[in-house]
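First comes the structure, then the notes that go with it.
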Amino acid sequence: MTKLVGRERTVVARICDGILDLIKTKELGLGDRLPSEERLVEDFGVARPTLREALKILEQDGIIRTEHGRGRFVMAGAALHIERPITTFESVTDMVEGYGYSTTTQLLKLTEMAADDEIASGLQCLSGTPVLRIERLRSEGTRPILYSIDFIKAETAGNAISTIDWSGSLVQILRRRGVAPVASTANVSATLLPADAVKHWKLADFGPVLLVTETCFTAEGTPILFAKDYHHGKYFTFSFARR
């Protein structure tokens with residue numbers, strides 16, 4: 001088994017991906033027993049508690065089952081595994097790359113403002129709290145495919161506002177600030193781009209979008225990012241399994 005790497009995936013997530021890869025490549029089939037913990041610890045180069053956390057997630061997802069005294073086995077739920085499920089937390093940058101797109105990110109506008117009721121609810125702060133509004137556009141070649149408006153508390157950036165490269169991964173930026181998002185709550189709706197964005201940035205041809213409105217949390221449960229990502233309906237789909 002090849003050790004996995006990932007810029008913004010946790011070790012546990014990479015272990016899960018590695019085991020799922022074994023299933024997808026038919027090295028493990030329905031009813032097959034997983035390699036021993038000792039073998040998996042060695043293959044992934046991780047501690048046993050970390051491995052067990054990943055195995056627990058796979059068991060909760062119906063991918064494997066544990067038979068005490070016998071080992072862990074692949075379940076029928078493995079057949080329901082889908083690529084890039086909407087329930088998996090990842091940065092927009094990783095998501096776009098996962099679709100196979102090679103994009104450039106343009107910072108359209110960065111402003112400091114007072115949080116209105118919607119932003120305050122998303123960041124779980126008081127209305128009027130100073131926040132940064134980060135407006136960006138991702139394009140593949142000349143094709144705009146994702147328009148984003150992100151909000152973080154101004155205090156998160158501190159005095160580094162002018163030195164941060166806001167065209168990079170926002171999750172990575174926050175990680176460098178010591179407040180890495182690791183999970184989120186989100187909803188998805190079909191809509192159109194905001195009329196002012198269409199007019200100001202000349203995006204009349206963008207068309208219908210899938211809007212993901214999301215609040216991202218740190219491992220301690222602190223809301224750190226409120227995001228509104230408008231995905232071009234032609235280039236993105238979101239999948240999930242129903243059990």
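The values are calculated or read from the model by the stated rules, or taken from the named source; none is laboratory data. What you see is a predicted model, and the numbers here were worked out from it, not measured in a lab. Please note: Cβ atoms are built from the backbone with ideal geometry, for glycine as well, and neighbour counts cover all protein chains shown.
What about Thr213, is it polar (S, T, N, Q), part of a loop (DSSP other than H, G, I, E, B), within 20 Å of the chain's Cα centre (by Cα) and under 23 Å from Leu137 (Cβ atoms)? Steps first, please.
Working: polar (S, T, N, Q): yes; part of a loop (DSSP other than H, G, I, E, B): no; within 20 Å of the chain's Cα centre (by Cα): yes; under 23 Å from Leu137 (Cβ atoms): yes.
No; evaluated as a whole, the condition is false for this residue.
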Quiz item: With respect to Ala78, is the statement that it is touching a helix residue (DSSP H, G or I) at 6+ places or on another chain (Cβ under 9 Å), of a type in the set (A, V, I, L, M), within 16 Å of Ile15 (Cα to Cα) and surrounded by fewer than 15 Cβ atoms within 10 Å (Cβ to Cβ) true?
Solution: no
Self-check item: When residues of the range 208-243 are limited to those that are exposed (fewer than 12 other Cβ atoms within 10 Å of the Cβ) and out of contact with any strand residue (DSSP E or B) (no Cβ under 7 Å at 6 or more places or on another chain), the one farthest from Arg177 (Cα to Cα)
Solution: Arg243
Practice problem: May I ask you to verify whether Trp166 is touching a strand residue (DSSP E or B) at 6+ places or on another chain (Cβ under 9 Å) and more than 23 Å from Met95 (Cα to Cα)? | Solution: no
Exercise. Taking the options Asp196, Asp150, name whichever one is closer than 16 Å to Leu107 by Cβ and either surrounded by 12 or more Cβ atoms within 10 Å (Cβ to Cβ) or out of contact with any strand residue (DSSP E or B) (no Cβ under 6 Å at 6 or more places or on another chain) (or both).
Key: Asp150
Self-check item: One residue from Ile164, Ile224 being aliphatic (A, V, I, L, M) and either touching a residue at least 60 places away in the same chain (Cβ under 8 Å) or not assigned by TED's automatic domain parsing to the domain that holds Val131 (or both)
Solution: Ile224
Quiz item: Would a scan of the range 195-204 turn up a residue that is in contact (Cβ under 8 Å) with a residue 40 or more places away in the chain and touching a Ser or Thr at 6+ places or on another chain (Cβ under 8 Å)?
Solution: no
Quiz prompt | Test set (1) buried (at least 17 other Cβ atoms within 10 Å of the Cβ); (2) among the small types (Gly, Ala, Ser); (3) at pLDDT below 95 - Ala115 fails condition number | solution = (3)
Self-check item: Criterion violated by Glu67 - all others in (1) surrounded by fewer than 15 Cβ atoms within 10 Å (Cβ to Cβ); (2) at pLDDT 95 or above satisfied
Solution: (2)
Quiz item: Any chance the range 103-118 includes a residue that's among the hydroxyl-bearing types (Ser, Thr, Tyr), within 18 Å of the chain's Cα centre (by Cα), outside the structural domain of Leu30 (by TED's automatic domain parsing) and within 15 Å of His231 (Cβ to Cβ)?
Solution: yes
